[in-house]
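First comes the structure, then the notes that go with it.
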Amino acid sequence: MRDMLPEPEPLSALIEALRRLPGVGQRSARRMAYHLLQYDIAGADQLSRALSTAVSDIQHCARCNSFSQNDICETCLNPKRNAAQLCIVETPADQNMIEASHGYQGLYYVLMGRIAPLEGVGPAQLNFERLLRRAMDGTVTEVILATNFTAEGETTAHYLTEILREKGLQVSRIARGIPTGSELEYVDAGTIAWAFMERRGA
């Protein structure tokens with residue numbers, strides 16, 4: 001097999017950056033980089049500026065820990081949300097999928113991960129102390145665990161059930177209408193809505 005021609009350093013750097021995206025390998029990253037530089041310079045410039053703006057302007061909401069442009073996100077500030085319910089999810093993508101289901105009108109807390117001992121991620125890394133302060137604000141009466149039905153998600157849900165119940169909070173778990181091993185980001189909105197309606201005590 002013939003060796004490939006050496007690529008200019010900026011091109012190689014772009015390919016390596018694109019490889020950081022989930023599910024993108026070397027070939028896909030190279031194809032995207034070549035496409036942008038050959039056919040869509042305007043798109044490449046737009047992508048560059050959008051990434052730069054997002055990195056500099058996006059922060060974590062002080063209440064729910066999700067992505068926000070302000071200290072408190074619009075969802076947390078919405079007076080129409082049911083402040084007595086707090087749904088705990090792993091990622092902002094999971095939160096968005098639940099919102100798309102239109103089956104939940106409470107508030108959220110986003111863990112930004114899940115307990116994964118083999119990866120060195122435990123309660124301290126996920127700042128569970130901050131979650132407990134949020135859940136015990138005096139308004140929340142039910143905490144809904146909507147972590148994924150993976151081994152790590154189930155471990156996280158079990159751990160949170162124990163510590164939240166010790167604080168006297170009602171804890172429920174979304175129903176298993178969501179297939180075992182699946183991630184909320186990839187589940188259809190109708191299934192998520194049904195899981196919320198059929199949630200049970202954790």
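Just so you know, all these numbers are worked out from the coordinates, no wet-lab data involved. For clarity, every value in this text was computed on a predicted model and none was experimentally measured. So basically every Cβ, Gly included, is an ideal-geometry build from the backbone, and we count neighbours across all protein chains shown.
Descriptive notes on the structure:
- Rounded FRET efficiency, nearest 0.05, which uses the C-beta distance separating GLU166 from ASN96 and R0 of 35 Å: 0.70
- Under the simplified labelling scheme, the ILE58-ARG130 pair shows an inter-label distance of 1.6 nm, with each label point 7 Å from Cα along Cα→Cβ.
- Cα-based equivalent ellipsoid of the stretch 72-201: semi-axis lengths in Å, sorted from largest, via gyration tensor: 19, 19, 14
- Amide H contacts of GLN170: VAL143, each under 5 Å away and 5 or more positions distant or on a separate chain (H built 1.01 Å from N in the peptide plane; Pro and chain starts excluded).
- Paramagnetic label reach from LEU21 (point 7 Å along Cα→Cβ; backbone nitrogen cut-off under 18 Å): within the stretch 35-60, residues 35-55.
- Prolate/oblate/rounded label for the stretch 1-123 (Cα gyration tensor, a/c 1.5): prolate
- Approximate spin-label separation ASN70-ALA13, in nm, with each point projected 7 Å along Cα-to-Cβ: 3.7
- Of the residues GLN38, GLN125, VAL187, the one whose Cα sits farthest toward the positive end of the charge dipole of the chain, with +1 on the Cβ of Lys and Arg and -1 on the Cβ of Asp and Glu, is VAL187.
- GLU142-LEU37 pseudo-label distance in nm [points 7 Å out on the Cα-to-Cβ vector]: 5.5
- For ALA175 and THR150, the difference between the fully extended length at 0.36 nm per residue and the C-alpha to C-alpha distance is 7.6 nm.
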